[in-house]
Amino acid sequence: MVRLVDSMTGDHPARPVLVLSNRPDAGGLAKAAERGVPTAVVDHRAFTSRETFEAALSRALDGARPDILCLAGFMRILTPGFTRAWDGRMLNIHPSLLPKYKGLDTHRRAIDAGDRCAGCSVHLVTADLDGGPVLGQAEVPINPGDTAETLAARVLVEEHALYPSVLRRFAETRARPSAG
């Protein structure tokens, strides 16, 4: 989230309008506030269903009126109704070379499979978990002796470069007037 916010300066076509978390203790909230970005919390534990939680998320988002929604460290599965409302406008980063290793424990799974490389993917969010169209990827080698933790650290460096780059390209494409 910090890399995304910090990237949206100068001639970048997007600006951060809200950092929203489902966890009141999320470190990104203080970092966003330090950067002058409004913040909000919708704690998922206060809701009895995904739908009521997502309705509260939607109300918070409606107040900020974002054009693009970027998920970063948001570890909740969203319902088809929510993803449909943001169809074509919600991005996420995932720590694998999708379509490989959807879901959790991606680094361990890549090592255990004997893969020679791993990486990260930025994709559009759809109702299919980690299954939306991939907009960009970055690769890192899996080195002999790698652990899930050492691999994750190298992939994270690539995530911090890839996500802002894909967001810029995505926002530029959306900002262009359509022909006709």
* Asked: Considering 161, 179, 175, which residue is among the aliphatic types (A, V, I, L, M), closer than 19 Å to residue 70 by Cα and modelled with pLDDT under 95?
  -> 175
* Looking at segment 106-121, is at least one residue assigned to a loop (DSSP other than H, G, I, E, B), farther than 30 Å from residue 82 by Cβ and of a type in the set (Gly, Ala, Ser)? -> yes
* **Hits in segment 1-34 (condition: open to solvent by 50 Å² or more (accessible area, probe 1.4 Å), in contact with a helix residue (DSSP H, G or I) (Cβ under 6 Å, 6 or more places away or on another chain), under 17 Å from residue 64 (Cα atoms) and without any contact (Cβ under 8 Å) to a residue 40 or more places away in the chain)** => none
* Go through segment 90-105 and give me each residue that's assigned to a loop (DSSP other than H, G, I, E, B) and in contact with a strand residue (DSSP E or B) (Cβ under 6 Å, 6 or more places away or on another chain). => 95, 97, 98
* Asked: Can you tell me which residue in segment 35-68 is farthest from residue 5 (Cα to Cα), limited to those that are in a strand (DSSP E or B) and either out of contact with any Leu (no Cβ under 7 Å at 6 or more places or on another chain) or open to solvent by 40 Å² or more (accessible area, probe 1.4 Å) (or both)?
  -> 41
* Asked: Has segment 102-120 got any residue that is surrounded by fewer than 18 Cβ atoms within 10 Å (Cβ to Cβ) and closer than 17 Å to residue 68 by Cα?
  -> no
* To do: Check 135, 129, 167 and return the single one that is among the hydrophobic types (A, V, I, L, M, F, W, C) and touching a Cys at 6+ places or on another chain (Cβ under 9 Å).
  => 167
* Report the residue count in segment 1-51 for those that are closer than 20 Å to residue 168 by Cβ and among the acidic types (Asp, Glu). => 2
* Asked: On the given criteria, is residue 87 open to solvent by 40 Å² or more (accessible area, probe 1.4 Å), within 22 Å of residue 123 (Cβ to Cβ) and part of a loop (DSSP other than H, G, I, E, B)?
  -> yes
* Asked: When residues of segment 136-151 are filtered for being aliphatic (A, V, I, L, M) and surrounded by fewer than 18 Cβ atoms within 10 Å (Cβ to Cβ), how many remain?
  -> 1
* Take residue 72 and decide whether it is open to solvent by 40 Å² or more (accessible area, probe 1.4 Å), of a type outside the set (Lys, Arg), within 23 Å of residue 26 (Cα to Cα) and touching a helix residue (DSSP H, G or I) at 6+ places or on another chain (Cβ under 9 Å). => yes
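The values are calculated or read from the model by the stated rules, or taken from the named source; none is laboratory data. Just so it is clear, the model here is predicted, and its values are computed rather than measured. So basically every Cβ, Gly included, is an ideal-geometry build from the backbone, and we count neighbours across all protein chains shown. Please note that ligands, DNA and RNA were not included when accessible areas were found on the heavy atoms of the full protein model with its side chains. Shrake-Rupley method; radii C 1.70, N 1.55, O 1.52, S 1.80 Å.
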